[in-house]
Amino acid sequence: MPLLPRLRHDLDFMPSPIEEQPGLLIRDSFQYSDAVLVIPPALVPALACFDGQQTETDLRAALVKLTGTFEVSGLLDNIRTVLGNSGFLEDETFDRMRDERQREFAESPVRNPAHAGTGYPDDRQELAGVMAGYLANAEAPPLTRVPVGIAAPHVSPQGGWECYRA
């Protein structure tokens, strides 16, 4: 019997912050997928079967043990389908999603701000004011040649404005 695919190692896993939906929240921090899943607490141990070493039979046995019933075929199919369609498994679906997102990014003439409104103001004038405050009294070094790029440190303006100013 073929092995189940592995859960992607680069996913975010955290307790669900949704009071009405307790469990394990899974999301893709790389945004290849925009899906966010909440796995009910009773089913979380079944995720261990998606390690690239276990088979569907192993998953079926785990689900029988977790649910206390032998009728787990629908649940098994649902778990595999949802994880796979969400791009959370290391399989062909994820490969296609990743390749498509990377192609879209490479072909895009614009890089939209990813953290506008969270890491910094999303209003252009408000952001200009904040940045002007950070850069106040900064002395720009003389340019000896035309710049060819910009170093954009991955740091929030509030926590790293001195780096930006430098």
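The values are calculated or read from the model by the stated rules, or taken from the named source; none is laboratory data. Model, not experiment: these values are computed from the prediction. Note: areas computed on protein heavy atoms with side chains; ligands, DNA, RNA excluded. Shrake-Rupley method; radii C 1.70, N 1.55, O 1.52, S 1.80 Å.
Within the full protein context, the accessible area of L59 is estimated at about 0 Å² for a probe radius of 1.4 Å. Rounded to whole numbers, the Karplus 3J(HN,Hα) couplings from phi for the range 93-107 are 4, 5, 4, 5, 4, 4, 4, 5, 5, 5, 5, 4, 5, 5, 8 Hz, using 6.51 cos²θ - 1.76 cosθ + 1.60 with θ = phi - 60°, and x at Gly and Pro. Convex hull volume of the Cα atoms of the range 58-112, normalised per residue: 89 Å³. Taking each residue as 0.36 nm, the span from L24 to S73 lengthens on full extension beyond its C-alpha to C-alpha distance by 15.4 nm. Counting heavy atoms of the protein chains alone, H9 has an accessible area of about 150 Å² for a 1.4 Å probe. Each residue was assigned an accessible area with a 1.4 Å probe, and for Y120 the value is about 60 Å². Give me the percent of the accessible area of the chain that comes from carbon and sulfur atoms, probe 1.4 Å, all protein chains in place. C and S fraction of accessible area: 55 percent.
Kindly report the accessible area of the chain per residue (heavy atoms of protein chains, probe 1.4 Å, no ligands, DNA or RNA), in Å². Working shown, then result.
On the way: 11820 Å² over 166 residues.
Per residue, the chain has an accessible area of 71 Å².
Would you mind classifying the chain by shape? Square roots of the alpha carbon gyration tensor eigenvalues, ordered a ≥ b ≥ c; an a/c under 1.5 is rounded, otherwise it is prolate if a/b is larger than b/c and oblate if not. Mind dumping the intermediate values first?
On the way: a/c = 3.61, a/b = 2.39, b/c = 1.51.
The shape class here is prolate.
Our analysis of the range 23-89 gives Rg over Rh at 0.97, with the two radii drawn from alpha carbon positions and Rh computed by the Kirkwood formula. Measuring nothing but how far apart in sequence close Cα pairs (under 8 Å, 6+ apart) lie, relative to its length, the range 1-148 scores a relative contact order of 19 percent. Every helix of 4 or more DSSP H residues in the chain counts as -39500 (n - 2.57), and over all residues that averages to -11500 deg cm²/dmol at 222 nm. Taking amide hydrogens as placed 1.01 Å from N in the peptide plane, the amide H of T55 sits under 5 Å from those of L4, each at least 5 positions away in sequence or on another chain.
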